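**Student:** Okay, handing you the structure first.
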Amino acid sequence: MTVSAGFDDFVVMRSPRLLRTAYLLTHDWALAEDLVQTALARAWEAWHRIEGDPEPYVRRIIVNSYASWWRRRWTGELPTEVLPERAHPGDAHGGVDERDRLWRALRQLPRRQRAVLVLRYFEDMSEAEIADALGCSLGTVKSQASRALAKLRLDENLAPEGLLR
């Protein structure tokens, strides 16, 4: 199998999972696609040096690229003091509101903490796998997760509905 064929197979098989990770970090499909594209372009350059499973290597590129994009990001939205009406408690869209509150809370976390939570709770990676993916120690992963969860528990927008209790 040629290097190109190996890379092509990897892209076909793993892109949906990588895209999901990128989306969970950015909460924006267009940015997630850009992030995966950037990561795959960088991985292609180093493909011949990657030993074993390339997914952790590419996932690390995704997380590092995401962390470096914060200066370039502007959503085009401006904050407002007056919020639109809230949905009624029995509304069928209540789940959407819960997810929105959770995403807003996650956006308030530092990028490293958000990355740790996404990889742990959405990607179901072990702490050791996260440490390897982020290039840090196991203790750093544990402390970042602990701090992130503590911040989320204190978030008043999550507390009333008991999303994290």
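**Student:** Over 15 Å from ASP155 (Cα atoms) and outside the structural domain of LEU19 (by TED's automatic domain parsing): is that true of ARG107 in this structure?
**Tutor:** It is false that ARG107 is over 15 Å from ASP155 (Cα atoms) and outside the structural domain of LEU19 (by TED's automatic domain parsing).
**Student:** Here's something else I'd like to know. What are the residues in segment 1-39 that are over 25 Å from TRP103 (Cβ atoms) and either free of Cβ contacts under 8 Å to residues at least 24 places away in the same chain or in contact with a helix residue (DSSP H, G or I) (Cβ under 7 Å, 6 or more places away or on another chain) (or both), if any?
**Tutor:** Hits for segment 1-39 are MET1, THR2, VAL3, SER4, ALA5, PHE7, ASP8, ASP9, VAL11, VAL12, MET13.
**Student:** If you scan segment 40-51, which residues turn out to be in contact (Cβ under 8 Å) with a residue 40 or more places away in the chain and either crowded, with 16+ Cβ neighbours inside 10 Å or among the aliphatic types (A, V, I, L, M) (or both)?
**Tutor:** If the condition is that a residue be in contact (Cβ under 8 Å) with a residue 40 or more places away in the chain and either crowded, with 16+ Cβ neighbours inside 10 Å or among the aliphatic types (A, V, I, L, M) (or both), then TRP47 is the only one that fits.
**Student:** Within segment 1-29, can you find the residues that are small (Gly, Ala, Ser) and either under 19 Å from ARG114 (Cα atoms) or under 14 Å from the mean Cα position of the chain (by Cα) (or both)?
**Tutor:** ALA22, the sole residue that qualifies.
The values are calculated or read from the model by the stated rules, or taken from the named source; none is laboratory data. Because the structure is a prediction, the values reported are computed rather than measured. We place every Cβ from the backbone using ideal geometry, glycine too, and count neighbours over all the protein chains shown.
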